């Protein structure tokens, strides 16, 4: 009787407790429309992932799209009776109680529904009160949602290590493949993560991860989810874990960051949680071509530089375990930079070096692979340069598949490609490596353009009666300090020679500085300053002095791409743009940008000006300083100009094919000499050619259309009104003196000098 009364009293007490607790439970109605934190994702125009931003990596996947093998693996180990119980598995709870008493081994007491209640609304503290709330929430969830809805939330919400939330994100993180493609063995390994994501992490703890995987395969066989043959095959399957460099990754870090900044400016902090998908104008293939071309160009330059020595020296113990720990610690501070990998030297001689990577791979470097670090192998090498055991170095794979010792480059670079017809950005690489230097040189670096700026001065000259056939004297000029207001200025051609009279066409092809200065004299620096603003350049960055003829102003690579697009598209100034579409996590379009027809952009120059300039720029790539372009790519529809600034601080190539304008820049962040033999044609042009070789595959040759107002006479193009009375020559009256009397270091006659310097001061 007393026992019965006690039971009744206990039941009443529990009922009263539940009655008070139930109203205090959190509102779970929002789970009916489950919206977890979803990262901001940036994609190429084709839908290739370029980057993601947010604390949680998650790919929200409907239960209908989650493969059965994945749910089977989870149910087998986490909650076999999920579709049978009402949220709380009393058999499982009894097993847990018995396990706590040390009697049997338990599979755990928390059902999937209970885990959802805990993960979404409660803490993980182990208290009686929390457990009561968990059970009550579980019943509430089971009442509100279907079993499939609960399972969908679990499969997307659970944390699985490495910032991955949900099994879809985990599949990408650990295997580099979509969830729909996982095998039984892979599903079993993923299913082992919810219990302890760090302990069973296949990247950091592969042995424990495999042990857990084997247990789950056994459970899947025991519960009838797979048969014996499938289980045997799964146990033997070698699972490939995604570690180190991902060969399928599209390197577009600078683009992703640009997109992130634009989206954050519009949506604020919620941009990182609401699952926005941002589609860019970027072409994935063009982007990868640009990335590889620029890195190859910079590394080729680096091979010509002196060896600066190892990045660090560490002491290596004698025991194998101690060596592994020391190497791991050292390389953690010297991470890989793309394909420029870090390693530690184990053995070294003048003919052979053995190094080890962080993953344990041993590398042997011999022959030509040692040439870039030859000075570090010398017996006379200073201590900071000398290669020895414990030196932290860099290695790369050559085109022949052999290892080469190298060093991280100090020089930087930039590459950008636009569709000149619309302004859509097709490729953009803001530097050698985003993780090494986040400064975006395409949009943020203001540098002197050098001779790559000359076409804009030539364009202004066409409006003043100059023609490609105008003969101009390539003779010496001198400006003393009395007129410059500073240091005397005696400009020279790159080769230090003067070749006398030549046509304007030949002068641009050969990049003659004296001719450009004389053209700017005739046009007038102030007129030219106003003219270049038509191409998108800032007047205050290009002062009205004769030095503007040599590209002494300041530009960004993006400005140069826009400027050359004017020539490429027949005279229109396009606006560069990056984001084409924004959708929410369900794919609903929130914003979309449609390309503007070319002829709706503001006209910068007449079509005939663009046509004749194209003819001149085509000559540069055919017979001039960029002749390698047409010779290599075997197509005539290539146009552009090399540029090397004073003291070789900047190396440029800017050019286009009518469907694609692209610009390459290479230089040091803190300007310094690139080398006496380094030029835009030698440094930047090969990068441009390498990119165009891939980007123009399958693109037909495009022939220009002759616009109105242009005539051809004697094989040369003219404005119709200047075919007979244009500027025939410039500076020829000085040719006899400059060619036969004046050496390059001599000054012109006083009266001639005064005439020139007055122009310089305009």
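Pair-distance distribution of segment 545-615: all C-alpha pairs, bin width 10 Å, starting at 0; shares per bin in whole percent are 17, 32, 29, 14, 7, 1. When you work out D = kT/(6 pi eta Rh) for segment 221-318 at 37 °C and 0.692 mPa s, using the Kirkwood radius from C-alpha pairs as Rh and the Stokes-Einstein form, the result is 166 µm²/s. For segment 125-267, the fraction of C-alpha pairs more than 20 angstrom apart is 62%.
This structure gives semi-axes √(5λ) of the Cα gyration tensor in Å, computed directly, and of [x] 92, 24, 19; [y] 67, 32, 21; [z] 58, 55, 23 that value is listed as [y].
Every helix of 4 or more DSSP H residues in the chain counts as -39500 (n - 2.57), and over all residues that averages to -11000 deg cm²/dmol at 222 nm. May I ask for the angle, rounded to the nearest 10°, between helix 2-21 and the longest principal axis of the chain, with both axes built from Cα atoms and the value confined to 0 to 90°? Approximately 20 degrees, to the nearest 10. The stretch between residue 482 and residue 402 holds 22.8 nm of extra length on full extension. This uses 0.36 nm per residue minus the Cα-Cα distance. Principal-axis analysis of the Cα atoms of the chain puts helix 513-523 at an angle of about 80° to the longest axis. The value obtained for segment 253-406, namely the Cα convex hull volume divided by the number of residues, is 163 Å³ per residue.
Angle check, please: helix 90-100 long axis (alpha carbons) against the longest principal axis of the chain (alpha carbons), in degrees 0 to 90, nearest 10. Helix 90-100 sits at roughly 90 degrees to that axis. Based on the alpha-carbon gyration tensor of segment 315-360 and its eigenvalue square roots a ≥ b ≥ c, which shape applies: rounded if a/c is under 1.5, prolate if not and a/b is larger than b/c, or oblate? Since a/c reaches 1.5 but b/c is at least a/b, the shape of segment 315-360 is classed as oblate.
For the chain, relative contact order (Cα pairs under 8 Å, six or more residues apart, normalised by length) works out to 12 percent. As a rough guide to protection, the peptides 212-218, 426-432, 663-669 ranked by mean Cβ packing within 10 Å, highest first, stand as 426-432, 663-669, 212-218.
A Förster distance of 51 Å, applied to the separation of the beta-carbon atoms of residue 732 and residue 366, puts the FRET efficiency at 0.25. Each peptide in 719-728, 70-79, 308-317 receives the mean, over its residues, of other Cβ atoms within 10 Å, and ordering these scores from highest gives 70-79, 308-317, 719-728. Neighbour counts of C-beta atoms inside 10 Å place 439, 585 in the sequence 439, 585, starting with the fewest. Between the alpha-carbon centres of segment 448-522 and segment 607-650 there is a gap of 17 Å.
Every number here is computed from the coordinates shown, using simple stated rules; none is lab data. These numbers were taken from a predicted model, which means no experiment stands behind them. As a convention, Cβ positions derive from the backbone with ideal geometry for all residues, glycine included, and neighbour counts pool all protein chains shown.
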